[in-house]
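All remarks here apply to the structure that follows.
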Amino acid sequence: MRALVVERPAPAAGHPLHPADLPTPDPGPGEILLRVAACAVCRTDLQIAEGDVAARRLPIVPGHQVTGIVEAVGAGVDQWKPGDRAGVAWLGDSCGHCEFCRTGRENLCPDARFTGWDRDGGYAEAMTARADFALRLPESFTDLEAAPLLCGGIIGYRALKISGIQPGARLGLYGFGASASLAIQVAVHWGCEVYVVTRSEHEQRRARELGAAWAGGYDEVPPVPLQAAVTFAPAGSVVVAALRALERGGTVAINAIHLDRIPEFPYDLLWWERSIRSVANFTRQDAREFLALAAEIPIRTAVESLPLEEGNTALQRLEAGRVEGAFVLLPPGSPVR
């Protein structure tokens, strides 16, 4: 099968994804074999490819927003059958018996394994996944529409929950890429007043089109105190900017697996029971809740499809900010629908 592989991290301009012919994997016990229809490109893929997020395994096939068709099932799998449509997301495995797994926090499991980081992902014609971690996809979404929901959408939803935002409250979104463009649709559906801070005037306009009450640049302050905020930009300075705009008792949720650094800031910004919380992965329950909500709203996704072979182009353009919504890679012979 054709695949793109990271053999060693390198800048996006240096083409860190290498085309390869790999054996089609066989599903082991408890696994499914998925014929990949589409795989959306995530900033985490870029960070793994460039080395900002340290590799867990090399070589590795990236990609963790995958839609496709079940082609075969391993021993003991009875919830999936060949021909079923399935999605595979970032959380690929957890131990199931540690303190975190037993208390509904499998996203914090010390033995969790992640798609495209520990396990080969969807930048390929086929991949295997644990059957009990694969996801049912709403039929109302095509493969292209569903793929970006499987990380940017789910993790954005969890970030909203971690922020503690309540229906009708004032929410700040800092950065407005693929994940934020999905999170705002959930927040607007909940009746929140949404204030978006992002560098791009084009993204500011899109935020207003999606229901933002206000949108401005990083040199501006939202016109009202925010009761919660979510930061999407991978820069610590943005976290401080969000904290500066926060109402007493509010929370800044950091939706990022990697930040450059958080600069020093005066304690007065944190005083009055403001808080900063990281958002680490998501649970399968988060995924099920979000996919049901996405179909109910329904959420609109903006995608640009590219052949799998143009994965390096997607990473370069993502790094340069030259994408509206999400890139979705299509492998040769994709059964996309």
### Query
For 1, 127, what's the fewest-to-most ordering of other Cβ within 10 Å of each Cβ?
1, 127
### Per principal axis, descending, Cα span of the chain in whole Å
56, 43, 35
#### Entry: Interchain or long-range residues, amide H under 5 Å from residue 37's placed H
67, 68, 69
#### Entry: Full-extension gain in nm, residue 7 to residue 309, via 0.36 nm per residue minus C-alpha separation
107.1 nm
### Task
Work through the residues other than residue 297 whose Cβ is under 14 Å from its Cβ and net out their charges, Lys, Arg +1 and Asp, Glu -1.
-2
### Query
Which whole-percent values make up P(r) of the range 153-278 when all C-alpha to C-alpha distances are grouped in 10 Å steps starting at zero?
15, 52, 30, 3
### Message
As a test of the formula, what do you get for the chain when each DSSP H run with n ≥ 4 contributes -39,500 (n - 2.57) and the sum is divided by the residue count, at 222 nm and rounded to the nearest 500 deg cm²/dmol?
### Response
-7000 deg cm²/dmol
### Task
Would you please give the residues with an amide H less than 5 Å from that of residue 77, counting only those at least 5 places away or on a separate chain, with H modeled from the backbone geometry?
30
## Note on the structure
Residues other than residue 284 with Cβ under 9 Å of its Cβ, Lys/Arg counted +1 and Asp/Glu -1, net out at -2
### Task
Step through the residues of the range 2-11 one at a time and calculate ³J(HN,Hα) from phi using the Karplus curve (6.51 cos²θ - 1.76 cosθ + 1.60, θ = phi - 60°), rounding each to whole Hz and writing x for Gly and Pro.
7, 8, 10, 10, 8, 8, 8, x, 7, x
### Query
In what order do 39, 95 fall by count of nearby beta-carbon atoms within 10 Å, going from fewest to most?
95, 39
### Task
Multiply the residue gap between residue 26 and residue 295 by 0.36 nm, knock off their C-alpha separation, and tell me the result in nm, one decimal place.
93.6 nm
### Message
For the range 99-204, which GluC sites (Glu not before Pro) pass both filters: DSSP loop (anything but H, G, I, E, B) and at most 15 other C-beta atoms within 10 Å?
### Response
139
## Note on the structure
Everything considered on the Cα gyration tensor (a ≥ b ≥ c; rounded for a/c under 1.5, else prolate if a/b is larger than b/c, else oblate), the range 35-151 must be described as oblate
### Query
Hey, got a sec? Which trypsin sites (Lys or Arg not before Pro) in the range 201-282 land in a DSSP loop and have at most 14 other Cβ atoms within 10 Å?
261
### Task
Quick one: go through the range 182-207 and flag any residue whose amide nitrogen is under 14 Å from the point 7 Å out along the Cα-to-Cβ line of residue 324.
201-207
### residue 220-residue 79 FRET efficiency (beta carbon distance; Förster radius 35 Å; 0.05 resolution)
0.10
### Query
HN-Hα J couplings of the range 171-186 from phi, Karplus 6.51/-1.76/1.60, θ = phi - 60°, integer Hz, Gly and Pro as x?
10, x, 10, 10, x, 9, x, 4, 5, 5, 5, 8, 4, 5, 5, 5
## Note on the structure
If each part is reduced to its alpha-carbon centroid, the range 68-122 and the range 145-185 end up apart, in Å, by 23 Å
### Task
Normalising by the residue count of the chain, find the relative contact order in percent from Cα pairs under 8 Å and 6+ residues apart.
20 percent
### Task
Work through the residues other than residue 228 whose Cβ is under 15 Å from its Cβ and net out their charges, Lys, Arg +1 and Asp, Glu -1.
+4
### Summary
Exposed chymotrypsin sites (Phe, Trp or Tyr not before Pro) being those in a DSSP loop with at most 13 other Cβ atoms within 10 Å, the longest stretch of the chain free of them is 1-270
### Task
Return the sequence-ordered ³J(HN,Hα) values of the range 112-126 in whole Hz as given by the Karplus equation 6.51 cos²θ - 1.76 cosθ + 1.60 applied to θ = phi - 60°, using x for Gly and Pro.
4, 10, 10, 5, x, 10, 9, 10, 4, x, x, 7, 6, 6, 8
### Summary
Residues whose built amide H sits under 5 Å from the amide H of residue 3, excluding neighbours closer than 5 in sequence, are 20, 22
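Computed from the coordinates by the stated procedures, all read-outs in this text should not be read as laboratory data. Just so we're clear, the structure is a prediction, and the values are computed from it rather than from any experiment. Note that each Cβ is placed from the backbone with ideal geometry, even for glycine, and that neighbours are counted across all protein chains shown.
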